[in-house]
Amino acid sequence: MKFALTVIVLAFLGLQCTTTARTPQTNENQKNNNTKNQFTMETTNKFEFPALPYSYDALEPYIDKLTLEIHHGKHHKAYYDNFVAAIKGTEMESMDILDIFNKMSKFPMAVRNNGGGYYNHTFYWEGMRAPGSGLPTGKLSDAIKKEFNSFDEFKKQFSEAGKTRFGSGWAWLSLDEKGKLFISSTPNQDNPLMDLAEKKGTPLLVMDVWEHAYYLKYQNKRPDYIEAFWNVVNWEEVAKRYERALSQVSK
Ligand SMILES: [Fe+2]
């Protein structure tokens, strides 16, 4: 009897711990949660729809709550659902996302568009944080200065890549196979990891320049959204991505 009672108490405590761990964070907690660095999509074939790493209003006033709600909850979710449907029953179900991108030209357009949309948005969310992100520091800062002469020049070129992308797409900062930084832009939901990318590389920072990323607040003024974007870049996360990518290059 005593043993049974102990088992019940332990089970209850275990349940409490599990429940606590899974309790959603409050808005305030999420708003200040800039330490998350669990971008696991690249190493798992268990495709899941990610929660935002912060609350919907965390990027205000630069990216508004309604835009984030629709962008994440509707657009991103639709890419995810369509991607899962497109790979169902195919060899891609057991591949990880990098393998799929590596062989993208062999797969249907639905996988390219929706797999790209699924990955790119997850990467975009995790590259942002509550305003006040400042400037890159350490090795990343040195590499940016080495490649672009100054942070301002880098910012100008990256912004230009976003401004001049005709129609819908993305602006990227990536690392090439020689460990060199480069800026590019991709149309639609393509990205630099795809075998059909104009210039292949490992993404470090991305900016969504589809109208759905800014239209509610900025209407047709894409340059205003781009200027605002710099206030919410998570340079800490970008620096981690840079060090990770660099260690792969030197292997
Ligand atoms: Fe988007």
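The values are calculated or read from the model by the stated rules, or taken from the named source; none is laboratory data. Because the structure is predicted, anything quoted here is derived from the model rather than measured. Virtual Cβ from ideal backbone geometry, glycine too; neighbours counted across all protein chains shown.
Find the helices (runs of 4 or more DSSP H) located wholly in segment 98-197 whose residues include 1 or more that are closer than 30 Å to Glu60 by Cα, in contact with a strand residue (DSSP E or B) (Cβ under 8 Å, 6 or more places away or on another chain) and of a type in the set (A, V, I, L, M), and list them. Quick ask: steps written out before the conclusion?
Numbers: elements: 109-126, 138-148, 151-163.
In segment 98-197, 138-148, 151-163 are the helices (runs of 4 or more DSSP H) which contain 1 or more residues that are closer than 30 Å to Glu60 by Cα, in contact with a strand residue (DSSP E or B) (Cβ under 8 Å, 6 or more places away or on another chain) and of a type in the set (A, V, I, L, M).
Considering only residues of segment 39-74 that are assigned to a helix (DSSP H, G or I) and within 21 Å of Pro192 (Cα to Cα), which is modelled with the lowest pLDDT?
Pass one, segment 39-74, residues assigned to a helix (DSSP H, G or I): 41-43, 65-74.
Then keep just the ones that are within 21 Å of Pro192 (Cα to Cα); that gives 41-43.
Values: Met41: 58, Glu42: 60, Thr43: 52.
Here the residue is Thr43.
Considering every residue within segment 205-225, establish whether at least one is over 18 Å from Leu59 (Cα atoms), crowded, with 23+ Cβ neighbours inside 10 Å and under 16 Å from the mean Cα position of the chain (by Cα).
Within segment 205-225, none of the residues are over 18 Å from Leu59 (Cα atoms), crowded, with 23+ Cβ neighbours inside 10 Å and under 16 Å from the mean Cα position of the chain (by Cα).
Tell me, please, whether a residue that is within 16 Å of the ligand (Cβ to nearest atom), crowded, with 21+ Cβ neighbours inside 10 Å, outside any loop (DSSP other than H, G, I, E, B) and on the phi < 0 side of the Ramachandran plot can be found in segment 231-239. Talk me through it step by step, then tell me what you get.
Initial filter on segment 231-239 (within 16 Å of the ligand (Cβ to nearest atom)): 232.
Add one more test, that the residue is crowded, with 21+ Cβ neighbours inside 10 Å, and what stays is none.
No, the conditions are met nowhere in segment 231-239.
What number of residues in segment 112-143 are more than 16 Å from the ligand (Cβ to nearest atom) and buried (at least 20 other Cβ atoms within 10 Å of the Cβ)? It would help to see each step written out before you state the result.
Our first condition is that a residue be more than 16 Å from the ligand (Cβ to nearest atom); within segment 112-143, this holds for 129-143.
Now narrow it down to the ones that are buried (at least 20 other Cβ atoms within 10 Å of the Cβ): 129-130, 136, 140, 143.
The total comes to 5.
Looking only at segment 192-227, which residues are within 30 Å of Asp99 (Cβ to Cβ), within 16 Å of the ligand (Cβ to nearest atom) and of a type in the set (Asp, Glu)?
Of the residues in segment 192-227, the ones within 30 Å of Asp99 (Cβ to Cβ) are 192-210, 212-213.
Among the residues that remain, those that are also within 16 Å of the ligand (Cβ to nearest atom) are: 203, 205-210, 212-213.
Result: Asp208, single match.
Tell me whether segment 118-129 contains one or more residues that are under 20 Å from Trp210 (Cβ atoms), without any contact (Cβ under 8 Å) to a residue 60 or more places away in the chain, of a type outside the set (Val, Ile, Thr) and in contact with a helix residue (DSSP H, G or I) (Cβ under 6 Å, 6 or more places away or on another chain).
Step one: of segment 118-129, the residues under 20 Å from Trp210 (Cβ atoms) are 118-128.
Cutting the leftovers down to without any contact (Cβ under 8 Å) to a residue 60 or more places away in the chain gives us none.
Taking every residue of segment 118-129 in turn, none turns out to be under 20 Å from Trp210 (Cβ atoms), without any contact (Cβ under 8 Å) to a residue 60 or more places away in the chain, of a type outside the set (Val, Ile, Thr) and in contact with a helix residue (DSSP H, G or I) (Cβ under 6 Å, 6 or more places away or on another chain).
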